[in-house]
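Heads up, the thing below is written out as structure tokens.
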Amino acid sequence: MRLSRGDGRGDGRKTQEAEYRDCSTERFFHRTSTGELSARAVLIDMEPKVINHSMSKAARSGRWRYGEKSHFSQKQGSGNNWANGYCVHGPRHREVMEDLVRREVERCDRLAGVVTLMSVAGGTGSGVGTYVTQCLRELYPNSFIVNHLTWPYDSGEVIVQNYNSVLTLSHLYGLSDALLVDENDTAHRICAQLLNIKHISFTDINGVIAHQLAGVLQPALTPDSYGLYSRNPLGIDWQVRAPPVHCGGAESARGFRTTGFNRSLANLLILRGKDAFSAEADGFQEAALYTSWLPPTEAFSVWKSPVSFNKYERSATLVSNSQTLLKPLDNMVRKAWNMFASRAYIHQYTKFGISEEVFLDSFTSLEQVCVCVCVCVCVCVCVVCVCVCVCVCVCVCVCVCVCGQDDLRQDAVMQQVFAMCSTLLQRNAEMRRRKLSIRRYKVVPFSQRSGVLEWCSGTVPIGEFLVDPNKGAHCRFRPQDWTNLACRRKMMEAQRQGFEDKVTAYSEVCRNFRPVFRYFCMERFLDPAVWMEKRLAYTRSVATSSIVGYIVGLGDRHIQNILIDEQTAELIHIDLGVAFEQGKVLPTPETVPFRLSRDIVDGMGITGVEGVFRRSSQEAVLTIVEVLLYDPLFDWTMNPLKAFHLQHDEQQELNATLHSTLGGGDDMDAHRKASSSDSQSFNKVAERVLLRLQEKLKGVEEGAVLSVGGQVNLLIQQAMDPNNLSRLFAGWQPWV
């Protein structure tokens, strides 16, 4: 029978709304014996206040309520301590909480999955919530589990929120099928900018978050539902899977290898309300939006419902893989690591059973998450209140520099030495408190003439900051001084003269070229407390890198080979090809143990090398010497010298191969003899280098055995002595 146009539309709309309402009701509620709607939910908190408020508010609505026996609370919370919630409250009340969940599950015809709503920063929400998720995974190993997480404000709500967040995310990574993350900062901006709310409350924030989550979980018609609403509220394939590698041609295999998993995109668009079935969504099917190994037909899906959502005539929700969460995740991990490195509040976690190893495992896990795991983020998009629900694929973008015609093998070895020294410093409680460490970067040598190294983002060479001809600090703050070029010419002319003339020329340059490095912190850190913190970080960084550089005989420390981080004020040494006292055999020998020129000292403040620098230098020497020289467990078999020796052997083998290839086969015997002679010569050099290294560790300077304080004092004097600085190569620019 064909209905009239008016009647058909009206009846059809009523039928659709009735079906939608019935499906939504069945999905989120069950009816009690009295016919009331009771939520399919279990409320858990270690304090009763929030639960009592939620239950009374639902009851006052007159439409539904929470079950009278579907909640659990105690009178004492977890004190914002993840360890207290996870290790104490969770195990203590496990049986009761599991019983509540089982009772609710038994009311279902079938279990489609579980959605948990929790915070990542608090004690109960993060610690107990993580423990409950672990129990759910054990109870229902084959069920779909989604964790909806509330991300804290970046400005901070709880002092240890970054610790709690790291521990929560790292544990849920291995337990959940998907993570839906709502950022408080994003919800706050929606309230302020889109809803024009003047005085934003937590009720407003919760309303936005509830809208976002409901936009994903409310019923919708899928392409394979045949016009019927699915009974599975979690029927989203949240994972984007790379296809298996097969022999489908070189081109396809090459495309798969060059396209990283984390750069893939998969979109789910959910349209609701008027014109949902006629809306154009072709723009989401553009191949450029997706990876080469996942065609748009598989990467993009559309769900639709003609029923309006949350009083909006038209609304759309997008679930998409992107990098939205990368920045807040990176910031959170960085802040947590800085606290962990200084051992702040660690004792509050260890006393409840969370060891430092658990923290380290969590940091490692999140680094892997940043590289290869999909995380879901909610943001919501509507016609009036624009909101977007985003499933975020998190990946880390690391800038690298590809080097040719340069041997990076020694740089890689030196980075290993720096890492070892940083580890030694971190073992000492006083060193951790002072945050003494060495900044490093990744180095991957390919061969003797090529390799890849990490680009140190957010840094600037101290030479660029100080003596750049256009924007350098010297030309900005002391324009009346000599230019750096004039100073260099003066010192180059003095290079051909005698020792006294060099000292005279250097003194004249210093009188006409004053240090200005103090302005680095003054320009960038306007808050006095932050300025003080960064200046201390700079001074300690100079001390640590100077002492470690001296021990390993690091040279070629001109102003373009030292970077400074514009955010932390720490130094980063690059181009580490001159080490193990090699600088002393250059055509113009290096006469200083490390760079401690006037501008470097100027950045330390009014005390200069006294105070923080001297004390940090002495402590660094003492800590490293105690381990390297006196610890019988320390393994000397894999030291930089041995790596250097292995590099020499590889060079000899390559030279021999090239010589043979070019027709030098008749001279191979002579070459082997020469190689043997060179090897013996190198062994002697290696012995001398090792002997000098041991002398440094024992405090032997100029034939005398000195105390730690005496040794540091002598090194500072040598590094700042005008007689030594004036004899350096002009390109080293010792006057800066």
Taking the options 208, 181, name whichever one is outside any helix (DSSP H, G or I) and in contact (Cβ under 8 Å) with a residue 60 or more places away in the chain. 181
Residue by residue through region 490-515, note down the ones that are under 21 Å from residue 477 (Cα atoms) and among the β-branched types (Val, Ile, Thr). 509
Just give me the residues in region 693-714 being loosely packed, with under 15 Cβ neighbours inside 10 Å, acidic (Asp, Glu) and not in a loop (DSSP other than H, G, I, E, B), in sequence order. 695
Does residue 557 meet the test of being in contact (Cβ under 8 Å) with a residue 60 or more places away in the chain, under 21 Å from residue 733 (Cβ atoms) and assigned to a loop (DSSP other than H, G, I, E, B)? yes
Would you confirm whether any residue within region 143-159 is more than 30 Å from residue 348 (Cβ to Cβ), of a type in the set (A, V, I, L, M, F, W, C) and open to solvent by 20 Å² or more (accessible area, probe 1.4 Å)? yes
Taking residue 533, is it open to solvent by 30 Å² or more (accessible area, probe 1.4 Å), closer than 19 Å to residue 727 by Cβ and outside any loop (DSSP other than H, G, I, E, B)? no
Could you please give the count of residues in region 594-626 that are closer than 23 Å to residue 531 by Cβ and either of a type in the set (D, E, K, R) or surrounded by fewer than 20 Cβ atoms within 10 Å (Cβ to Cβ) (or both)? 11
Criterion: touching a helix residue (DSSP H, G or I) at 6+ places or on another chain (Cβ under 9 Å) and over 20 Å from residue 558 (Cβ atoms) - qualifying residue of 496, 476: 476
Quick count over region 218-227, residues being modelled with pLDDT under 85 and touching a helix residue (DSSP H, G or I) at 6+ places or on another chain (Cβ under 8 Å), is 0
Per the list (1) open to solvent by 40 Å² or more (accessible area, probe 1.4 Å); (2) in contact with a Gly (Cβ under 9 Å, 6 or more places away or on another chain), residue check on residue 521 breaks on (1)
In region 265-296, residues that are open to solvent by less than 20 Å² (accessible area, probe 1.4 Å), more than 18 Å from residue 218 (Cβ to Cβ) and modelled with pLDDT of 80 or more total 1
Within region 535-565, residues being among the charged types (D, E, K, R) and touching an Asp or Glu at 6+ places or on another chain (Cβ under 9 Å) number 3
May I ask you to list the residues in region 78-96 that are under 34 Å from the mean Cα position of the chain (by Cα) and assigned to a loop (DSSP other than H, G, I, E, B)? 78, 79, 80, 81
All positions within region 352-367 that are in a helix (DSSP H, G or I), touching a residue at least 24 places away in the same chain (Cβ under 8 Å) and β-branched (Val, Ile, Thr): 358
Entirely in region 465-517, the helices (runs of 4 or more DSSP H) that have 2 or more residues that are open to solvent by less than 80 Å² (accessible area, probe 1.4 Å) and within 21 Å of residue 608 (Cβ to Cβ): 473-477, 499-511
Residue 633 being of a type in the set (A, V, I, L, M), open to solvent by 40 Å² or more (accessible area, probe 1.4 Å), at pLDDT below 85 and in a loop (DSSP other than H, G, I, E, B): yes
The one condition in (1) crowded, with 16+ Cβ neighbours inside 10 Å; (2) touching a helix residue (DSSP H, G or I) at 6+ places or on another chain (Cβ under 8 Å); (3) at pLDDT 50 or above that residue 236 fails to fulfil: (3)
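For (1) at pLDDT below 90; (2) open to solvent by 60 Å² or more (accessible area, probe 1.4 Å); (3) of a type outside the set (A, V, I, L, M); (4) not in a loop (DSSP other than H, G, I, E, B), each residue gets a yes or a no:
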{"site": "69", "(1), (2), (3), (4)": "yes, yes, yes, no"}
{"site": "76", "(1), (2), (3), (4)": "yes, yes, yes, no"}
{"site": "98", "(1), (2), (3), (4)": "no, no, yes, yes"}
{"site": "110", "(1), (2), (3), (4)": "yes, yes, yes, no"}
{"site": "121", "(1), (2), (3), (4)": "yes, no, no, no"}
{"site": "126", "(1), (2), (3), (4)": "yes, no, yes, yes"}
{"site": "132", "(1), (2), (3), (4)": "no, no, no, yes"}
{"site": "136", "(1), (2), (3), (4)": "no, no, no, yes"}
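In region 111-146, what residues are out of contact with any Ser or Thr (no Cβ under 7 Å at 6 or more places or on another chain) and either within 21 Å of residue 82 (Cα to Cα) or without any contact (Cβ under 8 Å) to a residue 24 or more places away in the chain (or both)?
At the first step, the residues of region 111-146 found to be out of contact with any Ser or Thr (no Cβ under 7 Å at 6 or more places or on another chain) are 112, 115, 117, 122, 131, 134-144.
Those that are out of contact with any Ser or Thr (no Cβ under 7 Å at 6 or more places or on another chain) and either within 21 Å of residue 82 (Cα to Cα) or without any contact (Cβ under 8 Å) to a residue 24 or more places away in the chain (or both): 115, 117, 122, 131, 134, 135, 136, 137, 138, 141, 142.
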Qualifying positions in region 433-457 - open to solvent by less than 40 Å² (accessible area, probe 1.4 Å) and in contact with a strand residue (DSSP E or B) (Cβ under 9 Å, 6 or more places away or on another chain): 438, 441, 443, 450, 451, 452, 453, 456
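The values are calculated or read from the model by the stated rules, or taken from the named source; none is laboratory data. Just so it is clear, the structure is predicted and the values come from calculations on it, not from any experiment. Every residue, glycine as well, gets a Cβ built from its backbone with ideal geometry; the counts of neighbours run over all protein chains shown. Just so you know, the surface numbers come from the protein's heavy atoms only, side chains and all, with ligands and any DNA or RNA stripped out. Shrake-Rupley method; radii C 1.70, N 1.55, O 1.52, S 1.80 Å.
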